[in-house]
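Novice: I am attaching a structure below and will ask some questions about it afterwards.
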Amino acid sequence: MQRIITLFRRIRPVWLRWAIAGLSCIGLLSGLFVLSIYLGMWGKLPSYAELRNTEQPRASEVYTSDSVLIGKYYLYDRQVVSGEEIPAFVLQALVAIEDERYYKHSGIDYPSLFRVFFKTILLQDAGSGGGSTLSQQLAKNLYPRSGKGRMGIVVDKLKEMFTARRLERLYDKDTLLVKYLNTVSFGDNSFGIESASRKFYSKSASDLQIEEAATLIGMLKATYSYNPRVFPERSLERRNLVLQSMKRNGFLAEREADSLKQLPLEIQYNSLTHDTGPAAYFREAVRKQSQKILEAQKETDKGNNLYTSGLKIYTTLDSRMQDLAEVQMRQHLKSLQAEVERAYGRKAPWLADKKFINRLLRNSTAWGKLKAAGLSEGQIRDSLLQEKPLRLKSWEGYIEKKGSTLDSLLHYAKFLNTGVLAMEAKSGAVKVWVGGIDFENYKFDHISQSRRQTGSTFKPLVYLTALQQGVDPCSYFSAREVRYENLEDWTPSNSGDSDETYLNYSMQYALKNSVNTVAVKILEKTGIPPVIELTRKLGITADLPELPSLALGTGAIGIPELAAAYSSLLNSGKPSKPFMIREIHDVDDQVIYQHKPEASVESAYSEQSRKILLELLKSVVDSGTASRLRSRYGIRGELAGKTGTTQNNKDAWFVALSPKLVHISWVGFDQHEIGFPNTAIGQGANAALPLFANWYKALGSHKELASWTGGSFGPVPEEISKMLDCPGIKRDGFFKRLFSNPDKTKKRKFRSKS
């Protein structure tokens, strides 16, 4: 040490001595600074054990029964894939454009560091490039920077270097590239090559073409500036630069690279956002149910999180059936909407009903917010009536116009909405779920959240109760109107203008023609409590009115419950509860949830009653209110069904049964004050039935789905055929007609069995 001091004192001139001393101090301090970072004094470095387990938040994926990815739940849209699933040219493109000496360094590229020091720092050349290796960038992806200011950046850079060296000691070069590609952001909230590939090209990374891979890798320099969706020209230029780099580094032959550069830039964008994409209502229902499942397993599982654990949720939905249903829904509702608006004309409630318009305004979220802010009623109205630019959804797309908040409310209030559910009859597996016309603008799900009056679709349950009590299906009931004195003179009536004063209908005729007066009289015969008791056995939990109007479907029931009840007709009298999720797998592909059918229950009614009612519902399709399935739509094969229309044409229903499927469709307005303009438009056969008819025809024409439309309900026993072999109509005898006044409505009390 003394010798060093002596040599130092001999240095001449003095300024050189002090320069050397200064540089030595700087070197010493720098070394101590670097050492302090290594020792964790500026934040702990990740250990080798931590780097062996570098799992990052992953998106949970939702798959259909035919293995189609239809949605994700995530904080970060990331799907992790193995090296075998990433083509070699993806890795080559990455190395060629981002880190040419990747295979020559051990995590730190010292020549690049010197270039950055001299060109970028000393010469202020911003285009000279960065000095971070892919290993360092991986370290940054795994452990995002937290420092602030220049000192913080320096600390983070050095920590990334140390982490990169440790990563290089733990993993081989290609494994690190795969890890990098699984963690890096590609823009549009997609993380990892798999998510980016599915988003920008609607395919898995394993199916990428070279030019597509070059486009994605080119985005990494600036994920927004080189986004092919936003800036296609810049992206094309960057893609070709990647291809040129691949050629320069020997990954592509000159001819192949030149040929690829001539290809146009094409993407097939498929953003699986919460609001858009296939089966949006279904995905939201699955999300809610998955959350409940995970919550119930909280104490026994590994702490799985729907948004970060990379779960795989396998559902019952058939993507092809769903696509057909959504296409047919849009076509039918668009046409029906135009028909409704033409029929209403200027008398439409959203144009002429001042009470309705005022209620809509006062019940709006916007009104509530302004009221909570302390504004007076006059100030609120002035604000909500002030014009501004609007972007309104229509069946043709979005409309740009000027208008007020009230104009927007009225625009969306006029739209018809729908709920369509199709499920496998035997198991209850949901195959189609259309909860509304547009999830982006109408979040309310008419399958999982709605209960509406069911109209005549409830009548079969009344008839079924009667059959269970031994009522002969060839029993006749008077079609004549009755004014019930003990029900405030309530007088149920039938549609149509024919005189039914002296007519008596068999059960089959009355059901297939949806005769209201007979349904009430059958309910009177069975009693109200037995009907409600039967509905409970069939899975209907809704509160039903213990009133005679129950026979006409005034009870509000959800679509899944109605589907379960009708499924019993195809399942030996046992209801099949609709279900959506078959299995949930964790990130290690271990099953953490599996749907288990509910314990077998006893049949809710006899086999004879089941077969009789099924025959009655088949006659509804063959020659009753649903006969347009045969006449207009030309559908053949065995079908059963029931139409339904509620009071004042508020709700249109159709229930369809095929040998393999139960299909329920509802159409109506979300605003309960609004109904269809007339029965011709609003009846179930016109408003709801086409949703099944067009979809079922499309199934039959689909090569892979046609088998769902075949099959048979089974042979009809001879004794059942004999029981139904009777005229549909009988007229009253001569003397009864003689002593009856056709112009006077019959009055009596409603006497229901208790």
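Novice: For segment 139-252, what number results from the quotient of the Cα radius of gyration and 2.2 N^0.38 Å? Walk me through the numbers before you get to the answer.
Specialist: On the way: Rg = 15.7 Å, N = 114, 2.2 N^0.38 = 13.3 Å.
Output field value: 1.18.
Novice: Select from TYR171, PRO677, PRO529 the residue farthest towards the positive end of the dipole of the chain; place +1 on Cβ of Lys and Arg, -1 on Cβ of Asp and Glu, and compute about the Cα centre.
Specialist: TYR171
Novice: While we're here: GluC sites (Glu not before Pro), restricted to segment 308-394: which are DSSP loop and have at most 15 other Cβ atoms within 10 Å?
Specialist: Working: sites: GLU326, GLU339, GLU341, GLU377, GLU387; in loops: GLU387.
Taking segment 308-394 and a limit of 15 other Cβ atoms within 10 Å, the loop GluC sites (Glu not before Pro) found are GLU387.
Novice: Please give the direction-averaged projected area of the C-alpha convex hull for segment 280-415, in square nanometres with one decimal. Show your work: numbers first, answer last.
Specialist: Numbers: hull surface 52.9 nm².
So the mean shadow area of the Cα hull is 13.2 nm².
Novice: How much of the pair distance distribution for the chain lies past 32 Å, counting alpha-carbon pairs only, in percent?
Specialist: Summing the P(r) tail past 32 Å for the chain gives 66 percent.
Novice: If every alpha-carbon in segment 210-356 counts as one equal scatterer, what log10 I(q)/I(0) does Debye give at q = 0.17, 0.18 1/Å?
Specialist: The calculated log intensity ratios at q = 0.17, 0.18 Å⁻¹ are -0.98, -1.02.
Novice: Straight-line reach from LYS611: which aspartates and glutamates fall under 12 Å, measuring Cα to Cα and dropping same-chain residues less than 8 apart?
Specialist: Reachable aspartates and glutamates: GLU718, GLU719.
Novice: Report, for the chain, the % of DSSP beta bridges that are antiparallel, rounded to 5.
Specialist: On the way: 55 of 65 bridges.
About 85 percent, rounded to the nearest 5.
Novice: Say each of PHE444 and ALA88 gets a label point 7 Å from the Cα, pointing the same way as Cα to Cβ; how far apart are those two points in nm?
Specialist: Roughly 5.9 nm, to one decimal.
Values quoted throughout were computed directly from the atomic coordinates according to the rules given, and no laboratory measurement underlies them. Note that this is a predicted model, so its numbers are computed, not measured. All Cβ positions, glycine included, derive from the backbone under ideal geometry; neighbour counts span all protein chains shown.
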